[in-house]
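Here's the structure, in structure tokens; my notes come after.
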Amino acid sequence: MTATKTNERPGTRAQIKYVRSSAYKVREVLNLIRGKSFFEATNILTFSERRISDTVLKCLNSAAANAENNDDIPVEELFVSACYADEGPTLKRWRPRARGRATRIRKRTCHITLILGRYSPEELTEQRDRAELKGSPTQQSAAESRKRRVAKSKESELESQSEEGQSEEDSEILADAVEVSSTEQQDTEEESSVESEDSPYGEGSAFALEDGSAPSSDYVIKAKVSTKIYHPEESSFFGRTKADIWFTDAETAEAAGFRLPNSMQTEDAESEEGQNDNDGENE
């Protein structure tokens, strides 16, 4: 009878093609997990220092998922029946060297194949007895601990949901308090806005009526908001200016940031110079 070929062994398999690594490097890692149980192989690959171990671990997890979902085989009953790496196509590149020569660069690839078999009942009991004698946790106990962790996480989720419900009640109470404070603040703002509407630039200022006239006889100075210029009664622009704001006196207008027109500023400057000249002659 002819022996069964490696690639024809029964079991659940997974394959990764065109891995950018040489087959020699992958075989060094596969030799470590051949014949090991799924959990032992996972631990070996997890703590291995070789870079290709992560790729081999992905292939192992893929094979275990195929066995569990497609063949209904528990993960605790799986072991690495066969694993091998075949050479793939080699990418050829060139590196320039001295004297016009060139050196060939070979970028090798490989195909990784993992086959997971199923322990017989006798082998499972033997493994569990051996694990109990060594004092190490069995595969079944690892699955049970995983189930306990899942149940514990579900309980913590339920507790967090109940805490969220309490926090929602507290947030509603806070929202009511904030609404009350916001209404009070709006009332105060409305009161202040009414006061500001009566005197937009402080005391001694008022908005003009619709036709631009003064609201009362106390306001004698016109002002334009767009130009920030005020006009007293002696200004030549007083009669033809439609006021936006009225002031009681010039000091209030200047304090609000308004100024005289340029023509009146020059007149005031010339009058001041004339007074200074007269004072000098008298001296």
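For the pair residue 154 and residue 27, label points projected 7 Å from Cα toward Cβ lie 4.8 nm apart. Relative to the current alpha-carbon distance between residue 70 and residue 94, full extension at 0.36 nm per residue lengthens the span by 4.1 nm.
Dipole magnitude for region 1-112: computed about the Cα centre from +1 point charges on Lys and Arg Cβ and -1 point charges on Asp and Glu Cβ, it is near 1700 debye. Database remark: amide H of residue 84 closer than 5 angstrom to the amide H of 113 (H placed geometrically; neighbours at sequence offset of 5 or more, or on other chains; Pro and chain starts carry no H). With 27 Å as the limit, the listed pairs 134/154; 17/154; 25/58 have 134/154; 17/154 beyond it between alpha carbons. Going from the residue with the fewest nearby Cβ atoms within 10 Å to the one with the most, 247, 47 rank 47, 247. Which lysines have a Cα lying under 28 Å from the Cα of residue 228, excluding residues fewer than 8 positions away in the same chain? Cα-Cα hits under 28 Å: 242. The modelled label-to-label distance for the pair residue 126/residue 250, using points 7 Å beyond Cα in the direction of Cβ, is 11.7 nm.
Residues 246, 94, ranked from the fewest to the most other C-beta atoms within 10 Å, line up as 94, 246.
Taking the number of other C-beta atoms within 10 Å as the exposure measure, put 179, 123 in order starting with the fewest. Spell out each step's value before the answer.
Working: 179 10, 123 13.
Starting with the residue having the fewest Cβ neighbours, the order is 179, 123.
Bear in mind these aren't lab numbers, they're just calculated from the coordinates by the rules spelled out. None of the values given here were measured: they were computed from a predicted structure. FYI the Cβ positions are ideal-geometry reconstructions off the backbone, even for glycines, and counts take in every protein chain you see.
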